[in-house]
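Remarks on the structure that follows.
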Amino acid sequence: MATSRTRTAERIRSDIAAAQAEADAANAQIQALMAGTAEVLRTGDDDRHAAHDAEIARMGRVAARCDVRLADLADELAKAEAREAEDREREEAEAKVRRKAEAEAKVAAVVEGIPEGYSAHADAIAAFLVEWSEAERLAAEHGIPGPQVASGRSIPATKVVTPDREQPFEAYVNEAQNGEPTQFPHPYKPDGTIDRSKTREVRTFHRTIPGSTRHEGGMVRPGLVQLVNLPKALEDGWHAQGATNNVNHARRP
């Protein structure tokens, strides 16, 4: 049986399923006919018996043709799967070569764009950071918010001052110590024992509760100069000495 090399493995598997279904149906029919052979023989009808045997033979030929077709399809499927595997390998190899070429082109484009795409911007940022640092210095010198605060990168904490306050309290008067407050209600006798026959006077005194100073809220972020680190993309000695001479564009003043 001639087959086309352009048939896909998926199409061949579909044909195999159809041929197998036809073979199963033929074999089932043969089994059913053979099960009824005894009944046909009992009739003694030669014509019916001949027709019965002819149908069994015909279905046998159908099953045999299906077996041959299945064998041919199995061989065709093996070849199709091998061919498709080769096609996939070739396509993957071609895609790998194409991706490699795209990567090489990307690398070349980036390297070519270093002067304008990176170095020029790095130089501009470095110059800006110098101005930033100088503005911070001048602000500190004159006691005004610098760019770190003025730009909102940092928010100063709020200084909260609690003043001293007077607090009244009641205590016993210690006459022996110039009327100083005491927590003991009874004075002492000359012999040093407690004189419980006398009770000291209770009086209202005042004491000073010291105030306090604290800071609330605020937010401090690292300064831009501390965060930005832009190395030079190309520099004397970079290749020869393994980048050991690299100097940052954004120098910290």
#### Entry: Within straight-line cross-link reach of Lys198, lysines at Cα separation under 27 Å, skipping those fewer than 8 residues along the same chain
Lys189
### Summary
Candidates Arg200, Arg98, Arg48; GNM for the chain (alpha-carbon contacts under 10 Å) flags as most fluctuating Arg200
## Note on the structure
If each K or R counts +1 and each D or E counts -1, the residues other than Ala54 whose Cβ falls under 11 Å of its Cβ total 0
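Got a number for carbon plus sulfur as a percent of the range 116-216's accessible area, 1.4 Å probe? Walk me through the intermediate numbers first.
Numbers: 4100 of 7480 Å².
On the range 116-216, the fraction of accessible area on carbon and sulfur atoms equals 55 percent.
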### Task
In a Gaussian network model over the chain where Cα atoms closer than 10 Å are linked, find which of Ile144, Ile209, Ile12 has the largest mean-square fluctuation.
Ile209
### Task
Subtracting the Cα-Cα distance from 0.36 nm times the residue separation, let me have the gained length for Asp45 to Glu89 in nm, one decimal.
9.3 nm
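Using the reciprocal of the averaged 1/r over all distinct C-alpha pairs, how large is the Kirkwood radius of the chain in Å?
Values: mean 1/r = 0.0311 Å⁻¹.
Roughly 32.1 Å, rounded to one decimal.
Pairs of alpha-carbon atoms within less than 8 angstrom and 6+ residues apart define the contacts here; what relative contact order does the chain have, in percent?
On the way: 229 pairs, mean separation 41.8, N = 253.
It rounds to 17 percent for the chain.
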### Query
Straight-line reach from Lys96: which lysines have Cα under 30 Å away, leaving out those fewer than 8 places along the same chain?
Lys79, Lys106
### Of Leu33, Trp132, His142, farthest towards positive along the dipole that unit charges on Lys, Arg, Asp, Glu beta carbons give the chain
His142
### Query
Counting only heavy atoms of protein chains, what accessible area per residue, in Å², does the chain have with a probe of 1.4 Å?
73
### Message
Just to confirm a number: summing +1 for Lys and Arg and -1 for Asp and Glu over residues other than Met34 whose beta-carbon lies under 14 angstrom from that of Met34, what do you get?
### Response
-2
#### Entry: Cα-based Rg of the range 74-193 normalised by 2.2 N^0.38 Å, two decimals
3.16
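The values are calculated or read from the model by the stated rules, or taken from the named source; none is laboratory data. Fair warning: this is a prediction, and the values are worked out from it, not measured in the lab. Cβ: placed from backbone, ideal geometry, glycine included. Neighbour counts: every protein chain shown. Heavy atoms of the whole protein, side chains included, go into the accessibility calculation; ligands, DNA and RNA do not. Shrake-Rupley method; radii C 1.70, N 1.55, O 1.52, S 1.80 Å.
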